[in-house]
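Right, one structure below, let's go through it.
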Amino acid sequence: MEKQHANRLYQQIKGDILDNRLPVATALKQTELSTRYEVSRIPIRDVLTRLKNEGWLADCGKRGVMIPALSATEAEDLYLMRMYLEPLILNHGIPKINNQILGQAQDILEQIDQSKNSNIHQQGELNWQFHACIYQAAERPTLFNTIASLHQQCSRYIGYHSLELDYLETSQQEHYQLLTAIKNKQITKAKQILKAHISEAGEILVSHLLQKMQF
């Protein structure tokens with residue numbers, strides 16, 4: 001039961017980070033979080049440590065942590081890495097993608113369509129489920145785990161992209177185009193769609209973040 005409570009608290013705080021409900025670039029005080037989430041400081045401390053180890057939080061002061069501000073440089077690094085690694089795993093995966101996987105991917109896209117009014121956390125999870133559904137077919141665990149780690153680091157940026165820049169509809173159109181190419185076993189076309197899907201979204205986001213930094 002304690003593990004379930006700890007995981008629920010982890011999901012709550014992680015969700016609030018994604019939904020911008022907690023202050024950015026400011027030390028997170030365990031006493032205030034303890035009051036906010038109605039738990040003692042010990043589970044708060046443990047969750048903050050876990051989130052820091054996963055890259056969601058950064059050091060602040062001697063022993064404190066904070067939510068780092070979104071960074072144009074980090075966003076660019078992440079999308080450049082994804083742009084090369086994800087078409088690579090897709091190339092290995094398409095020949096092994098069967099009708100069951102295609103059906104699962106289609107179901108996830110329909111869930112995303114129905115989640116347009118949901119929060120960033122939910123949309124980000126569904127976005128990763130779609131990509132993971134396709135990539136797992138490649139049976140390349142080392143490559144897959146590296147991409148999964150990149151997606152986790154991208155979560156705040158993907159959510160920001162969907163809501164702040166109203167990019168969800170464009171993203172979904174590209175998802176459906178990608179799925180169609182995969183169904184038709186058009187490997188080169190699917191890789192081109194995926195690479196453009198990642199790079200165009202990344203360039204728009206980086207440009208937006210750079211503009212914000214100038215004010």
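Within region 4-17, can one find any residue that is open to solvent by 60 Å² or more (accessible area, probe 1.4 Å), in a helix (DSSP H, G or I) and among the β-branched types (Val, Ile, Thr)? Before the answer, list the steps.
Initially, region 4-17 is screened for residues open to solvent by 60 Å² or more (accessible area, probe 1.4 Å), giving 4-5, 7-8, 11-12.
Okay, now just the ones that are also in a helix (DSSP H, G or I), so 4-5, 7-8, 11-12.
Now drop any that are not among the β-branched types (Val, Ile, Thr), which leaves none.
Checked region 4-17: no residue is open to solvent by 60 Å² or more (accessible area, probe 1.4 Å), in a helix (DSSP H, G or I) and among the β-branched types (Val, Ile, Thr).
Out of GLN30, GLN12, which single residue is at pLDDT 90 or above and under 17 Å from the mean Cα position of the chain (by Cα)?
Residue meeting the stated conditions: GLN12.
Looking only at residues in region 38-55 that are open to solvent by 50 Å² or more (accessible area, probe 1.4 Å) and in a helix (DSSP H, G or I), which one is nearest to PRO68 (Cα to Cα)?
LYS52
Identify the residue in region 171-208 that is under 17 Å from PHE130 (Cα atoms) and free of Cβ contacts under 8 Å to residues at least 12 places away in the same chain and, among all such residues, is most open to solvent (accessible area, probe 1.4 Å).
Here the residue is GLN173.
Would you please name the residue that is modelled with the lowest pLDDT, looking only at residues in region 142-197 that are on the phi < 0 side of the Ramachandran plot and of a type in the set (D, E, K, R)?
Looking at residues that are on the phi < 0 side of the Ramachandran plot and of a type in the set (D, E, K, R), I get GLU164.
Specify which of the listed residues (THR26, THR35, THR73) is open to solvent by 80 Å² or more (accessible area, probe 1.4 Å), among the β-branched types (Val, Ile, Thr), free of Cβ contacts under 8 Å to residues at least 60 places away in the same chain and closer than 24 Å to GLN211 by Cβ.
Values: THR26 fails: open to solvent by 80 Å² or more (accessible area, probe 1.4 Å); THR35 fails: closer than 24 Å to GLN211 by Cβ.
Unique residue meeting the criteria: THR73.
The values are calculated or read from the model by the stated rules, or taken from the named source; none is laboratory data. Not measured: the values here are computed from a predicted model. Backbone-built Cβ (ideal geometry, glycine too); neighbour counts: all protein chains shown. Each accessible area value is taken on the protein alone, full model and side chains, heavy atoms only, with ligands, DNA and RNA left out. Shrake-Rupley method; radii C 1.70, N 1.55, O 1.52, S 1.80 Å.
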